[in-house]
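Taking it in order: structure first as structure tokens, then the write-up.
The values are calculated or read from the model by the stated rules, or taken from the named source; none is laboratory data. Keep in mind the model is a prediction, meaning the values are calculated, not measured. Here Cβ is always computed from backbone atoms with ideal geometry, including for glycine, and neighbour counts include all displayed protein chains. These accessible areas exclude ligands, DNA and RNA; they are computed on the full protein's heavy atoms, side chains included. Shrake-Rupley method; radii C 1.70, N 1.55, O 1.52, S 1.80 Å.
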Amino acid sequence: MSKLIVQKYGGTSVGSVERIQEVANRVIRYRNRGDSVVVVLSAMSGETNKLVELINAINPKGSAREKDVILSTGEQVTIGLLSLALEAKGCPARSYTGTQARVMTDNAHCKARISKIEGDKLTKDLDAGRVVVVAGFQGVDNEGNITTLGRGGSDTTAVALAVALKADECQIYTDVDGVYTTDPRMVPEATHIPKLALEEMLEMASQGSKVLQIRAVEFAYKYNMPIRVLSSFDDNDDGKSTLVTREEDIMEEVLVRGVAFNKDEAQLTITGVPDQPGVAYKILGPISDANIEVDMIVQNIGIDGATDFTFTIHRNDYDEAKKILCETGEKLGAKNCDGDDKIAKISIIGGGMRSHAGVASLMFESLANEGINIRMISTSEIKVSVVIDEKYLELAVRSLHDVFDLGDCS
Ligand code: ADP
Ligand code: ASP
Ligand code: MG
């Protein structure tokens, strides 16, 4: 039976003329089986970073609206190139920017959220036998302004399109052949995971496994859209992959599914603030007013009427957040205000943790055996995260991967 398939290709998968030709060949193979194909593309690898550098060289504090006008251009190049490649191979295709495809978003420039996709035009093309090629990572707000969805956002475009068009499959092609127990670039012994619960992937993505953008996984979870992660470097269309689905039973099977890490965070600490109602709000309110997202928060128990706060933020926000915090500190008569942008967060994730005690203590023991100091701890039902010095990151990931027996010994 013919299917409607959404295929997303990331930066390295469209990083050269040869790679784009390979994408065209795969799309044609699926079409020849009778499937309808919608392709979502990223910019060529490195291109979005170059655009960020250009923005920073001209006006890093400039308006986010203008930044989105620039950031969205990388994807416009690849969609045009792929459509030309398909056309040259005799396959009718039509490219669409986010605006043209009516990928509607809110107006939060640089981190916009998709509200709906008006897919009628795309459906007409598919019905007419064309391949539809959509620019990932971008949309349009109600006023017609171009928006972007945050780094890695093409994954989210793909899942949202799959939901809107009621696709049979959402395939995410990247440079690895699926999701592993940890980043296989850091730990080559990482094990391939053939099937993974969306809930576990949600935690892995939010704790730093950038193989899928977190919002893409949230979307897939909300609308129950399975995602298949595959390698665009594998010509075998039935080769290795990971199916990420909402099947509860997969999750219960495994105690620790994987180790995720994040090197993009920084830590801020304020000590000796009055221990009274409203103090957390006074400290974190100005940070949130500056649109800075806070991740982990720890407040110490008060001693002699004073308490300490530590929290983490994205490393890009470190200087601004530290300035705001220290100003607040002066107003509150704090003892000290300091920070560190050389930290890393490591998390172990697994559905089986729900019903098993002792996972966290094994994690702490393993880090202690390596002489690694834990600065902060946070837990959820299926995750334990710790903040440590960045310099111990690799050692910590390897030792946790080992202690929870995640390595591939085949
Ligand atoms: P794309 O450009 O295709 O979107 P990304 O670089 O965003 O690709 O994501 C793929 C990368 O994610 C891999 O190259 C790998 O280094 C990294 N990664 C991090 N954690 C994992 C994991 N648990 N499993 C697989 N890949 C992971
Ligand atoms: N090109 C954008 C980025 O580099 C979006 C994406 O690749 O998903 O973040
Ligand atoms: Mg990506």
Members of the stretch 208-236 found to be near ligand 1 (Cβ under 10 Å from one of its atoms) and either more than 19 Å from Gly136 (Cα to Cα) or at pLDDT below 95 (or both), listed by number
Gly208, Ser209, Lys210
Can you pull out the residues in the stretch 26-50 that are away from ligand 3 (no atom under 16 Å from the Cβ) and surrounded by 15 or more Cβ atoms within 10 Å (Cβ to Cβ)?
Arg26, Val27, Ile28, Tyr30, Arg31, Asp35, Ser36, Val37, Val38
Would you confirm whether or not the stretch 79-87 contains a residue that is at pLDDT below 95 and among the charged types (D, E, K, R)?
no
Close pairs from the stretch 170-193: first under 20 Å from Asn236 (Cβ atoms), partner aromatic (Phe, Trp, Tyr) and buried (at least 19 other Cβ atoms within 10 Å of the Cβ), Cβ under 6 Å, at least 6 apart
Tyr173/Tyr9; His192/Tyr180
If we keep only residues of the stretch 179-191 that are part of a loop (DSSP other than H, G, I, E, B) and of a type in the set (Ser, Thr, Tyr), then the residue most open to solvent (accessible area, probe 1.4 Å) is Thr191
Do the conditions hold for Ala205, that is, is it away from ligand 3 (no atom under 16 Å from the Cβ), buried (at least 20 other Cβ atoms within 10 Å of the Cβ) and of a type in the set (Gly, Ala, Ser)?
no
Log entry, pairs with first residue in the stretch 64-83 being open to solvent by 40 Å² or more (accessible area, probe 1.4 Å), second being of a type in the set (Gly, Ala, Ser), beta carbons closer than 7 Å, six or more apart or on different chains, reads Gln76/Ala135; Val77/Ala43
So if I check each of Ala112, Ala101, which one is within 16 Å of ligand 2 (Cβ to nearest atom), under 20 Å from the mean Cα position of the chain (by Cα) and either within 27 Å of Lys67 (Cα to Cα) or assigned to a helix (DSSP H, G or I) (or both)?
Ala112
How do the pairs read when you match residues in the stretch 153-167 that are closer than 12 Å to Gln138 by Cα and part of a helix (DSSP H, G or I) with residues anywhere that are within 16 Å of ligand 1 (Cβ to nearest atom) and hydroxyl-bearing (Ser, Thr, Tyr), using Cβ under 8 Å and keeping only pairs 6 or more apart or on different chains?
Ser154/Ser42
Working only within the stretch 168-178, note down all residues that are open to solvent by 10 Å² or more (accessible area, probe 1.4 Å) and part of a loop (DSSP other than H, G, I, E, B).
Asp168, Asp175, Val176, Asp177
Only one of these is more than 11 Å from ligand 1 (Cβ to nearest atom) and in contact with an Asp or Glu (Cβ under 6 Å, 6 or more places away or on another chain): Glu189, Glu169. Name it.
Glu189
Residue hits (the stretch 151-166; away from ligand 3 (no atom under 11 Å from the Cβ) and open to solvent by 10 Å² or more (accessible area, probe 1.4 Å)) are Val163, Ala164, Leu165, Lys166
Residue that is most open to solvent (accessible area, probe 1.4 Å) [pool: residues in the stretch 1-25 that are within 16 Å of ligand 3 (Cβ to nearest atom) and either in contact with a Gly (Cβ under 6 Å, 6 or more places away or on another chain) or basic (Lys, Arg) (or both)]
Arg19
Taking the stretch 216-232 and keeping residues surrounded by 15 or more Cβ atoms within 10 Å (Cβ to Cβ), aromatic (Phe, Trp, Tyr) and more than 15 Å from ligand 3 (Cβ to nearest atom) leaves Tyr221
Can you say whether Ala266 is closer than 30 Å to Lys322 by Cβ and either in contact (Cβ under 8 Å) with a residue 24 or more places away in the chain or in a loop (DSSP other than H, G, I, E, B) (or both), as far as the supplied structure shows?
yes
Going by the conditions given, is Phe364 aromatic (Phe, Trp, Tyr), in contact (Cβ under 8 Å) with a residue 40 or more places away in the chain, out of contact with any Phe, Trp or Tyr (no Cβ under 9 Å at 6 or more places or on another chain) and under 26 Å from Glu203 (Cα atoms)?
no
Is the stretch 328-343 home to any residue that is open to solvent by less than 50 Å² (accessible area, probe 1.4 Å), over 24 Å from Thr269 (Cβ atoms) and touching a residue at least 12 places away in the same chain (Cβ under 8 Å)?
no
